[in-house]
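Chemist: Quick one: structure below, then a few questions.
The values are calculated or read from the model by the stated rules, or taken from the named source; none is laboratory data. All figures in this text were calculated on a predicted structure; none of them were measured in a lab. Note: ideal-geometry Cβ built from the backbone for every residue, glycine included; neighbour counts use all protein chains shown.
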Amino acid sequence: MRLTTCVLLLSILGSPCCLAQDNPILPSATAPGAPEPKPAPKGRPLIGVALEGGGALGQAHIGVLKWFEEHHIPIDFLAGTSMGGLVGGLYATGKTADELREACMTVALKLGGWRESGDGISA
């Protein structure tokens, strides 16, 4: 009885969702007067970077971005969660990896309990 009721409810509740997806409303390609998006240059793959969350990983994220800079690899897409989102957002504003590292060290030193070492900051 319970199984039949569950199947019946799922079929009734699931039907409108399926019907709604039959004719999706797609946004217009561009708004009137908006410039056309530039296609990616030919001959170069698009590169996307996803930075994960975790407060202690902030320095690692900055190191990864610095590696991309040193090897002249442009980043086309940047996404992040939690600390990765903060680092990625600051990087997307045009700050370099060295500027991000300096800002991170300044904040950590001001919060106290941290000291500067040769590789960055440590407790």
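Chemist: Of the residues that sit in segment 95-110 and are surrounded by 13 or more Cβ atoms within 10 Å (Cβ to Cβ) and in contact (Cβ under 8 Å) with a residue 24 or more places away in the chain, which one is nearest to PRO37 (Cα to Cα)?
Modeler: Going through the qualifying residues, I end up with THR96.
Chemist: Which residue pairs have Cβ atoms closer than 7 Å, lie 6 or more positions apart in sequence or on different chains, and pair a first residue in segment 73-94 that is within 19 Å of LYS38 (Cα to Cα) with a second residue that is part of a helix (DSSP H, G or I) and at pLDDT 90 or above?
Modeler: Filtered contacts from segment 73-94: ILE75/PHE68; LEU78/GLY88; LEU78/TYR91; LEU78/ALA92.
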